[in-house]
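Worksheet for the structure shown next.
Every number in this text was worked out from the coordinates using simple rules, so none of it is lab data. This structure is a prediction, so every number in the text was calculated from the model and none was measured. Don't worry about glycine lacking a Cβ; one is built from the backbone with ideal geometry, like all the others, and counts go over all protein chains shown.
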Amino acid sequence: MREAAALPLVFITAWEGLVDRVNLNPQRNVLVLGGGGGVGQMAIQLARSIGSEVYGVDGASKADSIRSMGATPIDPATETVHEYVTKYTGGKGFDVVYDTVGGASIDTAFQAVKPFGHVVSSLGWGSHSLSLLSFKSGTYSGVFTLTPLLTGEGRKHLGGILREATRLATARKLWPLLDSRQFTLANVLDAYALIEQRKPRGKLVVEIGLNSR
């Protein structure tokens with residue numbers, strides 16, 4: 001149940017980017033920026049279930065988890081964008097880059113994507129120059145998963161996405177990595193503190209029930 005609670009929002013975000021926006025197919029390779037995070041985990045596993053070759057960029061501490069999901073880990077502290085684009089694509093760039101970090105990571109995505117490729121971001125805030133992407137004739141899509149929840153538009157579609165999540169999870173092709181620490185309403189502020197300090201080791205789940213009052 002803790003895995004089920006952690007799954008919906010991050011999986012919907014990954015699905016809207018890779019399926020609804022990109023219509024991903026097995027012939028395209030995928031780079032996930034922030035591959036060890038919640039949305040990054042789902043993007044890797046979803047792309048792998050489709051049959052794509054996947055690479056996940058994150059810190060060295062996330063390498064094992066990225067590898068366990070079937071992707072090639074890339075440590076940005078030891079390899080520049082130019083170096084890993086050359087190493088894994090022969091300098092051509094990746095077909096699809098999914099940014100789950102935002103900020104400067106979007107500019108990294110524009111550098112890493114191939115000509116006529118597609119960049120997706122679930123945190124596309126701030127100001128960025130589109131010139132590099134435009135010179136590549138690339139495309140950009142933003143994902144804001146809360147729109148159906150705030151407006152009601154497209155809410156029915158979310159049910160279909162979660163049915164796909166159920167199918168993949170049942171087949172053990174999809175699972176969220178959870179932080180082993182458990183939280184209730186009594187210590188929920190400790191969970192927020194971990195997030196602020198960027199110290200979670202997986203998704204944090206707050207259990208709400210009779211015992212957490």
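Key figures for this structure:
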{"quantity": "Nitroxide proxy distance, nm - points 7 Å out along Cα→Cβ at Gln111 and Trp175", "calculated": "3.5"}
{"quantity": "Links that overshoot a 24 Å alpha carbon limit, given the list Lys87/Lys114; Lys87/Lys173; Lys87/Lys136; Lys173/Lys203; Lys62/Lys173", "calculated": "Lys87/Lys173"}
{"quantity": "Estimated distance in nm for a label pair at Arg2 and Glu196, the labels positioned 7 Å out from Cα along Cα-to-Cβ", "calculated": "2.4"}
{"quantity": "Gain on full stretching of the segment that runs from Phe144 to Thr166 - 0.36 nm per residue minus C-alpha separation", "calculated": "5.8 nm"}
{"quantity": "Farthest positive-ward along the chain dipole, Cα basis, beta-carbon charges - from Pro115, Leu204, Gly103", "calculated": "Leu204"}
{"quantity": "Selection from Gly38, Ala77, Leu194, by position along the positive dipole direction of the chain (Cβ)", "calculated": "Gly38"}
{"quantity": "Mean projection area, nm², convex hull over Cα of the chain", "calculated": "12.6"}
{"quantity": "In range of the label at Ser68: residues from region 1-34 whose backbone nitrogen is under 12 Å from the point 7 Å along Cα→Cβ", "calculated": "none"}
{"quantity": "Relative contact order of region 48-124, defined on C-alpha pairs under 8 angstrom at six or more residues apart (%)", "calculated": "22"}
{"quantity": "Using θ = phi - 60° and Karplus 6.51 cos²θ - 1.76 cosθ + 1.60, couplings along region 187-192 (whole Hz; Gly, Pro as x)", "calculated": "10, 4, 5, 5, 5, 4"}
{"quantity": "Relative contact order computed over region 94-213 (Cα-Cα under 8 Å; 6+ residues apart), in percent", "calculated": "17"}
{"quantity": "Sparse-neighbour loop sites [chymotrypsin sites (Phe, Trp or Tyr not before Pro); region 108-138; at most 15 other C-beta within 10 Å; DSSP]", "calculated": "Trp125"}
{"quantity": "Residues whose placed amide H lies under 5 Å from that of Thr184, excluding near-sequence neighbours", "calculated": "Glu207"}
{"quantity": "The chain, helix-only ellipticity at 222 nm - DSSP H runs n ≥ 4, -39,500 (n - 2.57), divided by all residues, nearest 500", "calculated": "-11000 deg cm²/dmol"}
